[in-house]
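Heads up, the thing below is written out as structure tokens.
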Amino acid sequence: MNKNKVRAGSRVFEICNYFFLGFLAISCVIPLIHELALSLSSGGAASAGKVFLIPVEFSLDSYAFILRNNKFLHALLISVVRVILGVTMNLALIVITAYPLSRESHEFKARTFYSWFLFVTILFSGGMVPTYMVVQSYGLLDSIWALILPGAVPVFSVVLMLNFFRQLPKAVEEAAFIDGAGYFRTLWKIYLPMSLPAVATVSLFAAVAHWNSWFDGIIYMNQPSNYPLQSYLQVMIMMASNSQELLKSTPEMADMLKKVGDSTLKAAQIFLGSLPIIAVYPFLQRYFMKGIVVGSVKE
């Protein structure tokens with residue numbers, strides 16, 4: 001009898017849990033669907049507040065306008081280059097930092113010192129002004145490297161990777177050493193192929209961080225033409241004069257902007273700015289869960 005009550009209570013809890021998580025998932029998706037519906041609606045319907053989750057007076061004019069907007073496309077290109085260079089550098093530095101820190105103390109005697117040194121950087125930072133002064137002193141302002149180098153070693157990802165390395169069987173590494181492999185060859189041939197979940201996880205973290213970052217672009221870029229996409233979108237949405245600047249371009253573009261509407265144009269740009277991460281995440285999700293769970297466990 002007690003077992004039946006326990007099972008019934010567990011079933012009720014499971015159903016309530018599914019409803020709660022489903023509600024959270026829907027609440028996260030609705031804003032994106034709303035932006036998509038706005039971007040596919042006419043400017044008049046969007047300005048009148050008629051659009052919620054379904055496009056009203058379907059139109060692709062906002063996307064046609066964006067594809068002819070050189071400023072948006074240039075900012076998009078800068079973000080793509082930033083993600084490619086940034087993720088590549090992050091992965092390289094994460095791996096070569098995490099591998100020696102995953103060794104035992106008798107193999108790497110300074111492991112504890114460097115581990116605590118990196119851990120302190122999670123809790124404390126130099127601050128925005130000193131960081132800006134360092135970037136300026138190295139002549140990196142208005143350069144793509146000002147967006148990449150300050151965050152080149154994400155310590156949280158290093159911790160995930162080194163804990164994942166520690167979970168791998170020692171016998172595999174010992175067999176590689178017996179066959180004459182050194183540390184670098186063991187890392188490249190043995191550890192990395194066995195660490196795809198952790199690599200996918202830290203890659204996703206790095207890609208999302210670089211793609212969504214907007215504040216550093218505004219700080220380190222003196223010329224708006226050097227803004228990455230998210231910085232461009234932030235300035236465009238916050239500045240009421242943005243539409244007036246677009247109107248000054250060409251008569252054809254001005255006429256199209258009047259027909260498109262400011263709200264539909266912003267919605268289309270926001271949706272396009274979110275689309276790459278949304279498209280990549282499903283392919284990395286199966287690695288993501290395993291990497292974040294195993295990498296967060298320390299024996």
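The values are calculated or read from the model by the stated rules, or taken from the named source; none is laboratory data. Just so you know, these numbers come straight off a predicted model, no measurement behind them. Don't worry about glycine lacking a Cβ; one is built from the backbone with ideal geometry, like all the others, and counts go over all protein chains shown.
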Scope segment 197-245; condition among the polar types (S, T, N, Q) and either farther than 23 Å from Leu93 by Cα or at pLDDT 90 or above (or both); matching residues = Asn222, Gln223, Ser225, Asn226, Gln230, Ser231, Gln234, Ser241, Asn242, Ser243, Gln244
Selection within segment 51-67 - assigned to a loop (DSSP other than H, G, I, E, B) and surrounded by fewer than 14 Cβ atoms within 10 Å (Cβ to Cβ) = Phe52, Leu53, Ile54, Glu57, Phe58, Leu60
Within segment 173-222, the count of residues that are over 29 Å from Val80 (Cβ atoms) and among the aromatic types (Phe, Trp, Tyr) comes to 4
Cβ-Cβ under 7 Å pairs, at least 6 apart or on other chains, segment 50-64 side touching a residue at least 40 places away in the same chain (Cβ under 8 Å) and more than 15 Å from Ile30 (Cβ to Cβ), far side assigned to a helix (DSSP H, G or I) and of a type in the set (A, V, I, L, M) = Asp61/Met256; Asp61/Val260; Ser62/Val260; Ser62/Leu265; Ser62/Ala268; Tyr63/Ala268
Check segment 199-207 and report whether any residue there is in contact with a Ser or Thr (Cβ under 6 Å, 6 or more places away or on another chain) and either surrounded by 16 or more Cβ atoms within 10 Å (Cβ to Cβ) or in the same structural domain as Val280 (by TED's automatic domain parsing) (or both).
-> yes
Selection count, segment 99-122, where residues are within 21 Å of the chain's Cα centre (by Cα) and either hydrophobic (A, V, I, L, M, F, W, C) or closer than 27 Å to Pro193 by Cβ (or both) | 1
Starting from residues that are among the basic types (Lys, Arg) and farther than 16 Å from Ile148 by Cα, keep the ones in segment 68-96 and report whichever is surrounded by the fewest Cβ atoms within 10 Å (Cβ to Cβ).
-> Arg68
For segment 41-65, what are the residues that are among the aromatic types (Phe, Trp, Tyr), under 17 Å from Ile270 (Cα atoms) and modelled with pLDDT of 80 or more?
-> Phe52, Tyr63
Go through the residues of segment 105-121 one by one and say whether even a single one is farther than 16 Å from Phe205 by Cβ, in contact (Cβ under 8 Å) with a residue 12 or more places away in the chain and among the charged types (D, E, K, R).
-> no
Filter segment 175-194 for residues that are aromatic (Phe, Trp, Tyr) and free of Cβ contacts under 8 Å to residues at least 12 places away in the same chain and give the result.
-> Phe177, Phe184, Trp188
Counted residues in segment 171-181 being out of contact with any helix residue (DSSP H, G or I) (no Cβ under 9 Å at 6 or more places or on another chain) and closer than 25 Å to Leu93 by Cβ come to 0
